[in-house]
């Protein structure tokens, strides 16, 4: 049920404009064709149009005023490997347990952060809060009278009917699906399971660099190579004429913008590293265009964002001394060894509504070849 709801455009019934109804889904900004990230630098839910081949063709609908758009003020993070993440978003604001205990004063009533009071981990909190944030609605007669009713009945048989068809349960189902999104068919994963032929020699050399000289493992660790720490690396925020919204100060301050603690300013959560090859924007502001750009950025350790004070930069951000050949080897490991080429196994073949997905606007439908 979570897989279907995640891609379902028929629940897009809380749109700001009538022509936006039924045209977007959770997957509009986190879809398999872009490694469960957005195929564009600034994700667009409602108010976007088009898809292209891999999500790169989504643009602003010219009929929409900026105030009516559902725009991401920061690059949409991947949903891959969220099973290994305690809190969610670049600033970690979603999650009512673990490292977010002690931040209760920031769970502001009337904002999405209030959902943390439910006490779930970040994946569940984000899925529940995200339904409202992204103008998706569950508590409608359309859902209760559709084939989703049977899915809710099967998934939540012990919940009384008056409380069964709700945003809470829909969010829990979506989160349960998101927890299954594991790129475990990548060459590195196969190699770890004993397939010695899964990785070529360049990839193996790159892996050695990752876990030694490159020091990547100091931040990117665990099954998802993500880690749960926050670091200030001085990367730029979303900026430039193509950015369609003003980036507020809280977003610019990352973790500090959520916690209110100046010690957390400009720190952002360590992202997972699988299936990066499908996107062209890296860093929380999408300021780097290739995986090699990221490797070189960390190798040189020169902050690009002049608005981040030097005394805020992580002491782990220091020159690595990698040679050009080593940079290439490390890049090959990241691009090839960590790439699962079968993420379509996590995508439904169709939806109960029969709608196009991940978007169902006219332009997207043409791009996707569906009715």
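Just so you know, all these numbers are worked out from the coordinates, no wet-lab data involved. As the structure is a prediction and not an experimental result, all values here were calculated from the model. Glycine also receives a Cβ, built like all others from the backbone with ideal geometry; neighbour counts cover every protein chain displayed.
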If we sort 326-337, 112-123 on the protection proxy, mean other Cβ atoms within 10 Å, highest first, what's the order? 326-337, 112-123
Using label points projected 7 Å from each Cα along Cα→Cβ, tell me how many nm separate residue 139 and residue 345, to one decimal. 3.8 nm
Base-10 log of normalised Debye intensity for the range 187-337 (one unit scatterer per alpha-carbon) at q = 0.09 Å⁻¹: -0.31
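Answer rounded, prolate or oblate for the range 249-371, using the Cα gyration tensor with square roots of eigenvalues a ≥ b ≥ c: rounded when a/c is under 1.5, else prolate when a/b is larger than b/c, else oblate.
Oblate, because a/c is 1.5 or more while a/b does not exceed b/c.
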Using 10 Å bins from zero, what percent of all Cα-Cα pairs in the range 21-62 falls into each bin? 34, 60, 6
Take every Cα pair under 8 Å in the range 187-337 that's 6+ residues apart, average their separations, divide by the length, and report that relative contact order as a whole percent. 31 percent
Any chance you could run the full-extension gain for residue 162 through residue 248? It's 0.36 nm times the residue separation minus the Cα-Cα distance, nm to one decimal. 27.0 nm
Find the centroid of the Cα atoms in the range 120-150 and in the range 276-339, then give the distance between the two in whole Å. 36 Å
Can you give the relative contact order of the chain as a percent, counting alpha carbon pairs under 8 Å and 6+ residues apart? 26 percent
Per residue of the chain, what 222 nm ellipticity follows from adding -39500 (n - 2.57) for every DSSP H run with n ≥ 4, rounded to the nearest 500? -6500 deg cm²/dmol
By the mean-Cβ-within-10 Å protection proxy, highest first, 237-248, 209-220 rank as 209-220, 237-248
One finds the C-alpha centres of the range 168-182 and the range 234-248 to be spaced, in Å, by 30 Å
Full extension between residue 292 and residue 304 adds, at 0.36 nm per residue less the Cα distance, a length in nm of 2.7 nm
Can you give me the angle between helix 291-300 and the longest principal axis of the chain, using Cα atoms only, in degrees from 0 to 90, rounded to the nearest 10? 40 degrees
Taking the alpha-carbon centroid of each part, what is the distance from the range 100-116 to the range 41-72 in angstrom? 29 Å
So the angle from the long Cα axis of helix 167-178 to the longest Cα principal axis of the chain, reported in degrees to the nearest 10, equals 40 degrees
Give me the one-decimal nm value for the distance between modelled label points at residue 106 and residue 371, 7 Å along each residue's Cα-to-Cβ direction. 4.9 nm
Once you sort the root eigenvalues of the Cα gyration tensor of the range 76-225 as a ≥ b ≥ c, which label holds: rounded (a/c under 1.5), prolate (a/b larger than b/c) or oblate (the other case)? oblate
On Cα atoms only, tilt of 201-210 relative to the major axis of the chain in degrees: 90 degrees
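Arrange the following residues from fewest to most other Cβ atoms within 10 Å of their Cβ: 295, 160, 133.
Values: 295 25, 160 7, 133 14.
If I rank by nearby Cβ atoms, fewest first, I get 160, 133, 295.
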Quick one: grab the alpha carbon gyration tensor of the chain, order the square roots of its eigenvalues as a ≥ b ≥ c, and give me rounded if a/c is under 1.5, else prolate or oblate depending on whether a/b is larger than b/c. prolate
Just order 43-49, 21-27, 363-369 by mean Cβ neighbour count inside 10 Å, highest at the front, would you? 43-49, 21-27, 363-369
